[in-house]
Amino acid sequence: MARSNKTRIEMFKYGEHIMGIQSHPEYTKDILLNIIDRLLNRNLIEESLAEEANSKLESTEPDSEAWKKLCTSFLKGKL
């Protein structure tokens, strides 16, 4: 159902009853910013990547409504 350059399978469904999501739709902006800081402080990501990710998060909040709509549609058999 979805893929990225880093992960071949981001989302899948199996028949009409199982859907798997690779990401964490429950994550808020604050959770993501905290994860970025922890990764940077442990030297697990480069500073340029942390800055880019922080910059993208500055102007937006993860779209939890889109996730709710997607999951609801799946549960209602509309995917």
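When you look at E26, is it under 30 Å from G77 (Cα atoms), of a type in the set (D, E) and exposed (fewer than 13 other Cβ atoms within 10 Å of the Cβ), yes or no? The answer is yes for E26.
Condition check ((1) closer than 17 Å to S64 by Cβ; (2) assigned to a loop (DSSP other than H, G, I, E, B); (3) modelled with pLDDT of 90 or more) across all residues:
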site: K6; (1), (2), (3): no, yes, no
site: I9; (1), (2), (3): no, yes, no
site: F12; (1), (2), (3): no, no, no
site: E16; (1), (2), (3): no, yes, no
site: G20; (1), (2), (3): no, no, no
site: Y27; (1), (2), (3): yes, yes, no
site: L32; (1), (2), (3): yes, no, yes
site: I36; (1), (2), (3): no, no, yes
site: L40; (1), (2), (3): no, no, yes
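Can you find even one residue in the stretch 50-62 that is outside any helix (DSSP H, G or I), closer than 26 Å to F12 by Cβ, among the aliphatic types (A, V, I, L, M) and in contact (Cβ under 8 Å) with a residue 12 or more places away in the chain? No. For the stretch 40-47, the criterion of being touching a Leu at 6+ places or on another chain (Cβ under 7 Å) and free of Cβ contacts under 8 Å to residues at least 40 places away in the same chain is met by at least one residue.
Is it true that some residue in the stretch 61-70 is under 30 Å from E16 (Cβ atoms), loosely packed, with under 11 Cβ neighbours inside 10 Å and among the hydrophobic types (A, V, I, L, M, F, W, C)? Yes; the residues of the stretch 61-70 include at least one that is under 30 Å from E16 (Cβ atoms), loosely packed, with under 11 Cβ neighbours inside 10 Å and among the hydrophobic types (A, V, I, L, M, F, W, C).
The values are calculated or read from the model by the stated rules, or taken from the named source; none is laboratory data. Owing to the predicted nature of the structure, the values given are computational and were not obtained by experimental measurement. No Cβ is skipped: glycine too gets one built from the backbone with ideal geometry, and neighbour counts run over all protein chains shown.
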